[in-house]
Amino acid sequence: MKRISGLWLKILEWENLRLATTKALKAKRSRFDARKYMSQLETNLEELAWGLKTGNFPVGRYTQFVVHDPKER
């Protein structure tokens with residue numbers, strides 16, 4: 001597999017973070033919490049970028065589940 005370097009810097013680019021946020025909220029724009037997040041987008045993206053750079057970004061718990069359709073995976 002080919003190794004690609006420099007991805008972390010591209011992930012942290014302002015335009016990439018904005019695009020990722022827009023895509024994540026695409027179907028949730030009418031929800032109150034999504035509108036609140038978008039109203040303070042610049043501040044929220046600054047906090048997100050800082051948290052990712054320093055490694056202090058809180059990550060939620062993982063959930064394991066089994067997919068049975070059409071076969072177990």
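The values are calculated or read from the model by the stated rules, or taken from the named source; none is laboratory data. If you're wondering where the values come from, they're calculated on a predicted model, not measured in any experiment. In this analysis, Cβ positions are derived from the backbone assuming ideal geometry, glycine residues included, and neighbour counts consider all displayed protein chains.
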Expected output for region 1-20 (first residue farther than 16 Å from residue 47 by Cα and free of Cβ contacts under 8 Å to residues at least 40 places away in the same chain, partner surrounded by 11 or more Cβ atoms within 10 Å (Cβ to Cβ) and not hydroxyl-bearing (Ser, Thr, Tyr), Cβ below 8 Å, 6+ apart or cross-chain) is 10/16
Subset of region 31-62 [modelled with pLDDT of 90 or more and over 26 Å from residue 6 (Cβ atoms)]: 31, 32, 33, 34, 35, 36, 37, 38, 39, 40, 43
Can you name the residue in region 23-73 that is part of a helix (DSSP H, G or I) and aromatic (Phe, Trp, Tyr) and is also nearest to residue 9 (Cα to Cα) among such residues? 50
Subset of region 7-41, residues within 15 Å of the chain's Cα centre (by Cα), farther than 15 Å from residue 53 by Cβ and surrounded by 10 or more Cβ atoms within 10 Å (Cβ to Cβ), comes to 18, 19, 20, 21, 22, 24, 25, 28, 34, 37, 38, 41
State all residues of region 21-65 that are hydrophobic (A, V, I, L, M, F, W, C) and free of Cβ contacts under 8 Å to residues at least 12 places away in the same chain; if no residue qualifies, say none. 24, 27, 32, 34, 50, 57, 59, 65
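From the list 32, 57, 65, which one is in contact with a Gly (Cβ under 7 Å, 6 or more places away or on another chain) and of a type in the set (Phe, Trp, Tyr)?
Values: 32 fails: in contact with a Gly (Cβ under 7 Å, 6 or more places away or on another chain); 65 fails: in contact with a Gly (Cβ under 7 Å, 6 or more places away or on another chain).
Residue meeting the stated conditions: 57.
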Being in contact with a helix residue (DSSP H, G or I) (Cβ under 8 Å, 6 or more places away or on another chain), modelled with pLDDT of 90 or more, among the aliphatic types (A, V, I, L, M) and part of a helix (DSSP H, G or I): is that true of residue 20 here? no
